[in-house]
Amino acid sequence: MRFFISAFFFLAIFSYTAAYDPLDPNGNITIKWDIMSWTPDGYVAVVTMNNFQMYRHIMSPGWTLGWTWPKKEVIWSIVGAQTTEQGDCSKFKGNVPHCCKKDPIVVDLLPGVPYNQQFSNCCKGGVLSSWGQDPAGSVSAFQVSVGMAGTSNKTVKLPRNFTLLGPGLGYTCGRAKIVPPTTFLTTDKRRKTQALMTWNVTCTYSQILARKNPSCCVSLSSFYNDTITPCPTCACGCQDKGNCIKADSKILKTVGVNTPRKNNVPLLQCTHHMCPIRVHWHVKLNYKDYWRVKIAVTNFNYRLNYTLWTLAIQHPNLNNVTQVFSFDYKPLVPYGSINDTGMFYGLKFYNDLLMEAGPSGNVQSEVLLQKDKDTFTFKNGWAFPRKVYFNGEECLMPPPDSYPFLPNSAHQNLITIAFSTFISSLLFLLIVIQ
């Protein structure tokens, strides 16, 4: 038993450090360049960014895209985005390029810019939804006119050293690769046109590159045991322990204390785990053919609201979800025949925004699952999740030997344990309002 627990814990640690995401093995962000026309000294291209990650999105302040020109290219103009610096364009007389830097950095425009600066799928402040949550919102694009470049398929040199911030570190981009030209349908869908040249850049995410500690943790409780298994101590690192604020601190009444800082330094509530996010899984009720779970997500960061948040959970009984209350739900089936992973996210205009730490800083839902008589059990922690991801970041689980255990006499008649159910509901309420 000790060997099993040690192996399980080792695998949990290893999965955190690995770049490969087993719950979304094909997830990536693909950046596509389509040359639409040639100009006297270069070309006009449409750059499209597609987020093919099922549950990892790019939240505010949005994406930042960079690359290095292979020769002396300049950006004459750009529509639907802008570079952060113009660079030295002093050698140009008359028309001055938008950007003369060897290594331009491009960001999306904010909503509400004039129409003559907009392009399709632009101007969302760099926010990019996940493919699983909102396919239509998982695309961003802009148009760029490049000068002092090649003017044919044979003379064009592909940009190099692509970088992507989303909005922080974590993404690694490969080399640009020439692919078959993209085809387009006309508005009447009776004619196909195609780009003059197309190349793709694929960027993948690694949590270990993004941060050295997890950004969320998981706590557990159940109706059959009055023990609450908390998040591990210092689950997200305790380096900010000296700068945290207690929930009843008078500092929270100071004007501007919740205003985000330019360096995105969090202002965390003092907790033993020091995580910005805690996910609580509570086994709430047991019926003859069904069982019920309550999930609560709590924000402990006073300076950050989570827009379009997602919660991905792996559990074998997610292959038979009967009903989800208060959240949207979508099964994730990366391996075809294995259906043990699902994505939860907020209902639009209801709870798709997780507010900053405080009375409104939590969202919660209940899940009704149908039992499989061949596999269902409350023994050995089976009722608790195997993996939990918040916004694409894997959360630190408690050690398996600390899970709420099933009393020896409880499995004989779990349905009649009404008192334990009442106590556990109170415990869950205390967890949420902490």
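Can you tell which of THR155, THR187 is hydroxyl-bearing (Ser, Thr, Tyr), in a loop (DSSP other than H, G, I, E, B), open to solvent by 90 Å² or more (accessible area, probe 1.4 Å) and not assigned by the TED database to the domain that holds THR298?
After ruling out the rest, the residue left standing is THR187.
Name the residue that is modelled with the lowest pLDDT, counting only residues in the range 205-224 that are crowded, with 19+ Cβ neighbours inside 10 Å and outside any strand (DSSP E or B).
Among residues in the range 205-224 that are crowded, with 19+ Cβ neighbours inside 10 Å and outside any strand (DSSP E or B), the one modelled with the lowest pLDDT is GLN207.
Just one of the numbered conditions (1) under 21 Å from LEU65 (Cα atoms); (2) loosely packed, with under 12 Cβ neighbours inside 10 Å is not true of THR202; which one?
If we test THR202 against (1) under 21 Å from LEU65 (Cα atoms); (2) loosely packed, with under 12 Cβ neighbours inside 10 Å, just (2) comes out false.
Pick from the range 204-252 the residues that are free of Cβ contacts under 8 Å to residues at least 40 places away in the same chain and acidic (Asp, Glu): which of them is nearest to LEU165 (Cα to Cα)?
Checking each candidate, the answer is ASP240.
With GLY170, GLY166, GLY174 as the choices, which residue is without any contact (Cβ under 8 Å) to a residue 60 or more places away in the chain and crowded, with 19+ Cβ neighbours inside 10 Å?
GLY170
How about the range 116-148: which of its residues are in a loop (DSSP other than H, G, I, E, B) and open to solvent by 20 Å² or more (accessible area, probe 1.4 Å)?
The answer is GLN118, PHE119, SER120, ASN121, LYS124, VAL127, TRP131, GLN133, ASP134, MET148.
What's the number of the only condition in (1) open to solvent by 20 Å² or more (accessible area, probe 1.4 Å); (2) part of a loop (DSSP other than H, G, I, E, B); (3) over 19 Å from PHE162 (Cβ atoms) that ASP24 fails to meet?
Going through the list (1) open to solvent by 20 Å² or more (accessible area, probe 1.4 Å); (2) part of a loop (DSSP other than H, G, I, E, B); (3) over 19 Å from PHE162 (Cβ atoms), ASP24 breaks only (1).
Any residue that is out of contact with any Gly (no Cβ under 7 Å at 6 or more places or on another chain), open to solvent by 40 Å² or more (accessible area, probe 1.4 Å), touching a residue at least 24 places away in the same chain (Cβ under 8 Å) and of a type outside the set (D, E, K, R) - is there at least one of those in the range 336-345?
no
Out of the residues in the range 312-356 meeting the condition of being touching a Ser or Thr at 6+ places or on another chain (Cβ under 7 Å) and of a type in the set (Ser, Thr, Tyr), tell me which one is farthest from GLU394 (Cα to Cα).
Here the residue is SER326.
Select the strands (runs of 3 or more DSSP E) contained entirely in the range 234-325, then report the ones holding at least 1 residues which are touching a Gly at 6+ places or on another chain (Cβ under 9 Å).
290-299, 310-314, 321-325
Mind checking which pairs have a first residue in the range 317-329 that is at positive phi and a second that is surrounded by 15 or more Cβ atoms within 10 Å (Cβ to Cβ) and assigned to a loop (DSSP other than H, G, I, E, B), Cβ under 7 Å, 6 or more apart or different chains?
Correct list of pairs: SER326/ASN351.
This table checks each residue for (1) over 30 Å from ASP401 (Cβ atoms); (2) modelled with pLDDT under 95; (3) touching a helix residue (DSSP H, G or I) at 6+ places or on another chain (Cβ under 6 Å).
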position	(1), (2), (3)
ALA12	no, yes, no
MET49	yes, no, no
GLY62	yes, yes, no
THR84	yes, no, no
LEU110	yes, no, no
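The rows are residues; the columns are (1) within 19 Å of LEU158 (Cβ to Cβ); (2) of a type in the set (Val, Ile, Thr); (3) open to solvent by 20 Å² or more (accessible area, probe 1.4 Å).
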{"site": "ILE31", "(1), (2), (3)": "yes, yes, no"}
{"site": "TYR43", "(1), (2), (3)": "yes, no, no"}
{"site": "SER60", "(1), (2), (3)": "no, no, yes"}
{"site": "TRP63", "(1), (2), (3)": "no, no, no"}
{"site": "ILE78", "(1), (2), (3)": "yes, yes, yes"}
{"site": "ILE105", "(1), (2), (3)": "yes, yes, yes"}
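Exactly one of (1) under 28 Å from the mean Cα position of the chain (by Cα); (2) free of Cβ contacts under 8 Å to residues at least 12 places away in the same chain; (3) over 16 Å from ASN51 (Cβ atoms) is unmet by LYS154. Its number?
Of the numbered conditions (1) under 28 Å from the mean Cα position of the chain (by Cα); (2) free of Cβ contacts under 8 Å to residues at least 12 places away in the same chain; (3) over 16 Å from ASN51 (Cβ atoms), the odd one out for LYS154 is (1).
The values are calculated or read from the model by the stated rules, or taken from the named source; none is laboratory data. Just so we're clear, the structure is a prediction, and the values are computed from it rather than from any experiment. Cβ coordinates were reconstructed from backbone atoms using ideal geometry, including for glycine residues, and neighbour counts include every protein chain displayed. In case anyone asks, the SASA skips ligands and DNA or RNA and just uses the protein heavy atoms, side chains included. Shrake-Rupley method; radii C 1.70, N 1.55, O 1.52, S 1.80 Å.
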